[in-house]
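The values are calculated or read from the model by the stated rules, or taken from the named source; none is laboratory data. Here the structure is a predicted model, which means the values were calculated and not measured. With ideal geometry, Cβ positions are generated from the backbone for all residues, glycine too; neighbour counts draw on all protein chains shown. Areas reflect the complete protein model, heavy atoms only, side chains present, ligands, DNA and RNA absent. Shrake-Rupley method; radii C 1.70, N 1.55, O 1.52, S 1.80 Å.
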Amino acid sequence: MGSLLIKNARNIITMDGKRQRFPGGSIYIEDQEIKAIGTDIPYETADTVIDARGKIIYPGLINTHHHLYQTFTRNIPMAQDCELFDWLITLYDIWRHIRPEDIYLSAMVGLGELLKSGCTTAADHFYVFPDGISGELIDEEIRAAGELGIRFFPTRGSMSLGRSDGGLPPDEVVQKESVILKDTQRVIETYHDNSRFSMIRVGVAPCSPFSVSRDLLKESANLARSYGVRMHTHLAETKDEENFCLEKLGLRPLEFMEDTGWVGDDVWYAHGIWFNDDEIMKMGSCGCGVAHCPSSNMKLSSGTFPIMKMLQNGVKVGLGVDGSASNDASSMLMEVKIMNLLHKLQAGSTALSAEDCLYVATRGSSKVLGWEDGIGSLEVGKAADLFMVDTGRLEFAGALFDDASLPILTGTSQVDMTIVGGKIVVKEGRLVNIDEEKLAMRAQIAASRMLETAAKHTKMNYYKPRIQSFEKQLY
Ligand SMILES: Nc1nc2[nH]c(O)nc2c(=O)[nH]1
């Protein structure tokens, strides 16, 4: 691939162990790897040279939880203003009609938004495999990631406990356990690459305690561990989930996970809001990680993630935007800001700085994904995954007093350049490898098709909001 020199940056925010910054610094990259970084590096030229005067460089953000296919079901009036179970029940009926092309296009849109907001590695949890849709579905989003040039961590999700067996999802979107395990093994064998600068690592991800069976959890854990791949699931997201576990399984959610082999330093959960103090201590000591998804937790009124208790107990915490249906966006930069504001309110004004939140979204996320040797900070020996912002932009005027927190506090959601593994994938704020306008048009047509098909089947009016406007309620 050759060499790349990025020189004369206004500042480089490294997020290394000392949180070093290099005002006036440069980075020298060979192939995917950072070979030198600082103000006094022994390289003056390279195959490609970028003059970064006036630009600030940050480590690429790492998204630890997403459902990219949900990009086609955002801003649906009927799925607003409800909590997780009602929200899922509404949306399962739409997701039933997803096609392979929808998975590809929704991933292109979601991953494109992530790259444009400074994200360089994205984990995804794909768990809807409807009856009657043939094809190797998760492969569609892997194809999209390859085309856009983002580092990708697809997790092969699954649901096996349909409504007729006491689960939440309709039977039409659950699969037989043998089918799930066979396809998961195929995905691991076809795509998983555990090398330091791998572009694809695969995880195993049964969906949630109310949508999978005990047997599937056990067998999935055995499969994942036999290949040495990581394990991911939703846990402790809502009180409804806790009640489901207590009533139907006689266990708290974490007890259920322990019982089925789903505790350990190769496991990360999404959300983790409703763990009690003993459980948080246990998670810290056994090395479990959590993908914190603040926007989604607020939107679905799920609760507030106890971040300070988690960090104080040594739990690995990373950041996730969650599926677009419970966020309506895939902006990692915006998520860092929202996280910062949420915890000012919850944990107090001095608990977490904007720079601490940037740490969670970079270093913290790399630990959650078990990938700290390759990504998460800008230092020699790590991948050249980074984003840059141009301080000359209007929204930064009057704010150039702390370079680490600048793009977070000012609330910008777009970066000027994103580089993944030494390759430029966003330039002047635009995706390099795809025509954005054409993609947007194709994607909206496909999303409308899916919604209209669902409406025909269910006879629901998805355009109808759940609540009346507040004026109507009040007067
Ligand atoms: N926020 C979300 N929580 C979930 N639980 C579950 O079973 N599926 C989901 C989901 O898509 N989003």
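Is it the case that I50 is in contact with a strand residue (DSSP E or B) (Cβ under 9 Å, 6 or more places away or on another chain), open to solvent by less than 20 Å² (accessible area, probe 1.4 Å), touching a residue at least 12 places away in the same chain (Cβ under 8 Å) and not in a loop (DSSP other than H, G, I, E, B)?
Numbers: in contact with a strand residue (DSSP E or B) (Cβ under 9 Å, 6 or more places away or on another chain): yes; open to solvent by less than 20 Å² (accessible area, probe 1.4 Å): no; touching a residue at least 12 places away in the same chain (Cβ under 8 Å): yes; not in a loop (DSSP other than H, G, I, E, B): yes.
No: the conditions fail for I50.
Go through L161, L168, L111 for me and flag whichever is assigned to a helix (DSSP H, G or I) and either open to solvent by less than 10 Å² (accessible area, probe 1.4 Å) or outside the structural domain of E452 (by TED's automatic domain parsing) (or both). Walk me through how you get there before you give the answer.
Working: L161 fails: assigned to a helix (DSSP H, G or I); L168 fails: assigned to a helix (DSSP H, G or I).
After ruling out the rest, the residue left standing is L111.
Determine, yes or no, whether I103 is out of contact with any Pro (no Cβ under 8 Å at 6 or more places or on another chain), among the β-branched types (V, I, T), away from the ligand (no atom under 16 Å from the Cβ) and open to solvent by less than 10 Å² (accessible area, probe 1.4 Å).
Numbers: out of contact with any Pro (no Cβ under 8 Å at 6 or more places or on another chain): yes; among the β-branched types (V, I, T): yes; away from the ligand (no atom under 16 Å from the Cβ): no; open to solvent by less than 10 Å² (accessible area, probe 1.4 Å): yes.
No: the conditions fail for I103.
A quick yes/no check of all residues on (1) surrounded by fewer than 15 Cβ atoms within 10 Å (Cβ to Cβ); (2) assigned to a loop (DSSP other than H, G, I, E, B); (3) away from the ligand (no atom under 16 Å from the Cβ):
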residue	(1), (2), (3)
D183	no, no, yes
T190	yes, no, yes
F197	no, yes, yes
A205	no, no, no
T233	no, no, no
N243	yes, no, no
M257	no, no, no
G264	no, yes, yes
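Looking at segment 322-358, which of its residues are open to solvent by less than 40 Å² (accessible area, probe 1.4 Å), in a loop (DSSP other than H, G, I, E, B) and either acidic (D, E) or more than 16 Å from the ligand (Cβ to nearest atom) (or both)?
D322, S331, G348, A351, L352
Considering only segment 114-163, state which residues are away from the ligand (no atom under 16 Å from the Cβ), under 25 Å from G318 (Cα atoms) and hydroxyl-bearing (S, T, Y).
Across segment 114-163, the qualifying residues are S117, T120, T121.
So A221 clears everything in (1) open to solvent by 30 Å² or more (accessible area, probe 1.4 Å); (2) outside any loop (DSSP other than H, G, I, E, B) except one condition, right? Which one?
(1)
So the check is Cβ under 6 Å with 6+ separation or different chains; which pairs have a first residue in segment 182-209 that's under 15 Å from I138 (Cβ atoms) and a second one that's of a type in the set (F, W, Y) and modelled with pLDDT of 95 or more?
Qualifying pairs under 6 Å: I188/Y227; I200/F152; I200/Y191; R201/F153; V202/Y191; C207/Y127.
If you go through segment 297-306 one residue at a time, do you hit one that is more than 16 Å from the ligand (Cβ to nearest atom) and at negative phi?
Here is the first cut: in segment 297-306, the residues more than 16 Å from the ligand (Cβ to nearest atom) are 306.
Narrowing the set further to residues that are at negative phi leaves 306.
Yes, because at least one residue in segment 297-306 is more than 16 Å from the ligand (Cβ to nearest atom) and at negative phi.
Which residue pairs have Cβ atoms under 7 Å apart, sit 6 or more places apart or on different chains, and have a first residue in segment 116-145 that is among the basic types (K, R) and a second that is not in a helix (DSSP H, G or I)?
Sorted first by the residue in segment 116-145, then by its partner, the pairs are K116/Q414; K116/V415; K116/V426; K116/G429; K116/L431.
Out of the strands (runs of 3 or more DSSP E) lying entirely within segment 382-442, which hold 1 or more residues that are of a type in the set (D, E)? Talk me through it step by step, then tell me what you get.
Numbers: elements: 386-390, 417-420, 423-427.
In segment 382-442, the matching strands (runs of 3 or more DSSP E) lie at 386-390.
Restricting attention to segment 207-229, which residues are in contact with a strand residue (DSSP E or B) (Cβ under 6 Å, 6 or more places away or on another chain) and within 13 Å of the ligand (Cβ to nearest atom)?
Answer for segment 207-229, where residues must be in contact with a strand residue (DSSP E or B) (Cβ under 6 Å, 6 or more places away or on another chain) and within 13 Å of the ligand (Cβ to nearest atom): C207, S208, V212.
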